[in-house]
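Below: the structure, in structure tokens.
The values are calculated or read from the model by the stated rules, or taken from the named source; none is laboratory data. Bear in mind that the values here come from a model prediction, so they are computed numbers and not experimental data. All Cβ positions, even for glycine, are placed from backbone atoms using ideal geometry, and neighbour counts span all protein chains on display.
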Amino acid sequence: MACQSYAPYRGFGIDVQVTTGKTLCLHNVGRRYKVSWTISSSSQPAQKVASFPEQLEFMSEQDAFRYAEKRAQTFIDCMLSGNSAISSGCDAGVGAVRTEAPRV
């Protein structure tokens with residue numbers, strides 16, 4: 001497994017892990033890369049904000065790292081925007097089911 005930490009983005013740290021897998025191809029066994037990423041508070045690195053494994057497979061390790069970094073940044077942007085369930089008072093944690101109807 002390869003790991004990479006990125007410079008803080010808007011007050012959050014991003015850590016990406018890429019694992020190598022094998023897949024059958026027409027002529028031989030090929031390599032594919034799976035990725036997961038974790039966001040933590042820059043001021044308290046032990047405090048994990050979110051962690052997601054991606055369901056996609058990548059042809060190269062570099063593609064997996066780039067994709068996960070961008071997805072984590074997008075998640076942070078959404079989390080910090082006023083329109084997300086996470087930043088609008090849904091305090092039950094990441095992945096929690098919202099129990100009230102959305103306000104229109």
Item to complete: Would you mind stating whether LEU26 is over 19 Å from CYS3 (Cβ atoms), of a type in the set (A, V, I, L, M), in a loop (DSSP other than H, G, I, E, B) and without any contact (Cβ under 8 Å) to a residue 24 or more places away in the chain?
Response: yes
Fill in: Residues located in segment 1-23, provided they are in a strand (DSSP E or B) and touching a residue at least 40 places away in the same chain (Cβ under 8 Å)
ALA2, GLN4, TYR6, TYR9, PHE12, ILE14, VAL16, VAL18, THR20
Worksheet item: Just for segment 43-80: of the residues that are modelled with pLDDT of 90 or more, among the hydroxyl-bearing types (Ser, Thr, Tyr) and not in a strand (DSSP E or B), which one is surrounded by the most Cβ atoms within 10 Å (Cβ to Cβ)?
Response: TYR67
